[in-house]
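Below is one structure, written out as structure tokens; comments come after it.
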Amino acid sequence: MSRLDDRVAIVTGASRGVGSTIAKTLVAAGAKVILTDILVEEGEKVTAELGEAASFAALDVTSEEDWSRVVDEAVAAHGRVDILVNNAAILHLGTLENTPPEIFRRILEVNTVGPYLGTRAVLETMKAQEVGSIVHVASIDGLVGMNGVSAYSASKFGLRGLAKSSALELGRSGIRVNSVCPAGGNTDMYGPWFEKLTAIKDETQAYNNNRGIPGNVSYEAIAQAVLYLASDASGGVTGIDLPVDGGATAGKFMLGFNSM
Ligand SMILES: NC(=O)c1ccc[n+]([C@@H]2O[C@H](COP(=O)([O-])OP(=O)(O)OC[C@H]3O[C@@H](n4cnc5c(N)ncnc54)[C@H](O)[C@@H]3O)[C@@H](O)[C@H]2O)c1
């Protein structure tokens, strides 16, 4: 059973979308959760709704100083850090020509370097405890390539590589590291491209439906996968990619073949 009683968790990008549902799910499983984000007002509002087991800390995942402060505060308040969920990320939609180097670098900085900094920040504490679970939220775009998402896809492939190498390096210290790879999340992430995406609505719907279980997966389904990897229910599981994608990466799908 996926219980987290008395465990202490840090969740990044927890002010909205998938991250806030992950925080809520971990609290419901018994954990003390530190929600973090650069969106402070939204984060404090979400945190207030989760009761005494939740607290909020401003954290930009690209800042070593922020990481150091948040981990120090977590240890001061709770004496330990058992779980780190690296969920914060940003998206860029654009062909290679429309992905300038500064944007490519920024996507890697937030989506890959951020989780690396977070992993380093909790290492001393988790090693001293001889227990810890680090869960990265990657994407199906980190499992298979897709046109128009080169920067994001590169960042999520990189994140999975970080997870696997860290898992091998840290297993003997009692620390497990895994990735969850969802298909879908918060449409707020697509904000700047909303009009362009609306113009190709039929194509995006067909893309989302062309899988074993049609449509995007729910925030809850993603959060339950994170809970499983965060908890002792997944003891012995390390270095894996857990797709939560309705079968999108399982193979090719033809609706007509279901009636042959
Ligand atoms: N939205 C999707 O369709 C989709 C699909 C697959 C995977 N994912 C992944 O799911 C995770 C959650 O995304 P979401 O769908 O909830 O989108 P979202 O945009 O609602 O959430 C991302 C959160 O990260 C925060 N964030 C951004 N930059 C940050 C920084 N530098 N430091 C700290 N926080 C920062 C944002 O403020 C936001 O609260 C991400 O890792 C994303 O890549 C999303």
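The values are calculated or read from the model by the stated rules, or taken from the named source; none is laboratory data. Remember, predicted model here, so these are calculated numbers, not experimental data. Methodologically, a virtual Cβ is constructed for each residue, glycine included, from the backbone with ideal geometry; neighbour enumeration extends over all protein chains shown.
One residue alone among 135, 122 is in contact (Cβ under 8 Å) with a residue 40 or more places away in the chain and assigned to a strand (DSSP E or B), and that residue is 135.
Regarding residue 104, is this residue more than 10 Å from the ligand (Cβ to nearest atom), aromatic (Phe, Trp, Tyr), on the phi < 0 side of the Ramachandran plot and in contact (Cβ under 8 Å) with a residue 40 or more places away in the chain? Yes; evaluated as a whole, the condition is true for this residue. The residues of the stretch 233-254 that are of a type in the set (A, V, I, L, M, F, W, C) and either touching a residue at least 12 places away in the same chain (Cβ under 8 Å) or under 19 Å from residue 146 (Cβ atoms) (or both), listed by number, are 233, 237, 240, 242, 244, 248, 250, 253. May I ask you to list the residues in the stretch 219-237 that are of a type in the set (Val, Ile, Thr), within 16 Å of the ligand (Cβ to nearest atom) and more than 20 Å from residue 8 (Cβ to Cβ)? Correct list: 222 only.
In the stretch 221-246, the qualifying residues are those that are part of a helix (DSSP H, G or I) and touching a helix residue (DSSP H, G or I) at 6+ places or on another chain (Cβ under 6 Å), and the one that is nearest to residue 175 (Cα to Cα) is 234. Taking helices (runs of 4 or more DSSP H) as the structural unit, those lying wholly within the stretch 149-218 and holding at least 3 residues that are surrounded by 14 or more Cβ atoms within 10 Å (Cβ to Cβ), more than 11 Å from the ligand (Cβ to nearest atom) and in contact (Cβ under 8 Å) with a residue 24 or more places away in the chain correspond to 150-170. Just one of the numbered conditions (1) modelled with pLDDT of 95 or more; (2) surrounded by 14 or more Cβ atoms within 10 Å (Cβ to Cβ) is not true of residue 235: (2).
Taking residues in the stretch 48-74 that are in contact (Cβ under 8 Å) with a residue 40 or more places away in the chain, and partners anywhere that are within 10 Å of the ligand (Cβ to nearest atom) and assigned to a loop (DSSP other than H, G, I, E, B), the pairs with Cβ atoms closer than 6 Å and at least 6 places apart or on different chains are 61/12; 61/88; 70/59.
One residue stands out among those in the stretch 118-148 that are polar (S, T, N, Q) and under 16 Å from the mean Cα position of the chain (by Cα): the one that is farthest from the ligand (Cβ to nearest atom), which is 133.
Does at least one position in the stretch 99-109 carry a residue that is within 19 Å of residue 14 (Cβ to Cβ) and among the aromatic types (Phe, Trp, Tyr)?
Pass one, the stretch 99-109, residues within 19 Å of residue 14 (Cβ to Cβ): none.
No, the stretch 99-109 has no match at all.
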